[in-house]
Amino acid sequence: MVFAGDRASTFDDVLQPCSLLKHWRQQVDHLAMSRAREPQKLAPRLAEVRCPVLLLIGTARHDGDVDPREVSLLARTLRSFEVDSEPGAGHYLQEERPAAVLTAVERLAQKIR
């Protein structure tokens with residue numbers, strides 16, 4: 001095992017275990033979030049949302065697919081709602097297609113100004 005204080009170690013030798021630990025921690029966090037339940041339902045309060053909302057969905061099939069009934073609820077209830085899709089992307093759009101996410105946020109920001 002290589003330690004950070006070891007002058008013979010390289011940056012990659014030290015970083016690799018940290019990176020694996022970080023990835024493991026993210027997986028544990030995601031699992032905990034997937035099991036979490038809302039203490040209060042959000043649906044009755046959606047009409048109170050005053051800012052524009054853009055739902056960007058990846059078209060690739062994945063475990064986190066958005067239920068069309070939820071999209072319909074958002075469209076009926078929110079004052080300003082749009083849904084857009086990114087072909088071939090999955091659940092983690094911000095990692096898979098960061099440029100598409102940035103473009104969507106910039107487009108939404110233009111509407112607010």
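Each value in this text was obtained by applying a stated rule to the coordinates, not by laboratory testing. This is a predicted model, so every value here is computed, not measured. We place every Cβ from the backbone using ideal geometry, glycine too, and count neighbours over all the protein chains shown.
Going through region 34-112, which trypsin sites (Lys or Arg not before Pro) have at most 16 other Cβ atoms within 10 Å and a DSSP loop state? Qualifying residues, ordered by number: 37, 41, 50, 61, 79. Where does the charge balance sit around residue 99 when Lys and Arg score +1, Asp and Glu -1, over other residues with C-beta under 15 Å from its C-beta? Summing Lys and Arg as +1 and Asp and Glu as -1 gives -3. Distances between placed amide hydrogens fall under 5 Å for residue 53 paired with 80, 81, 82, all partners being 5 or more residues away or on another chain. Couplings for region 65-82, taken from phi via the Karplus curve 6.51 cos²θ - 1.76 cosθ + 1.60 with θ = phi - 60°, read 3, 7, 5, x, 5, 5, 4, 4, 4, 4, 5, 6, 9, 6, 5, 9, 9, 9 Hz in order; Gly and Pro are left as x. For residue 75 and residue 112, a Förster radius of 22 Å and the Cβ-Cβ distance give a FRET efficiency of 0.70, rounded to the nearest 0.05.
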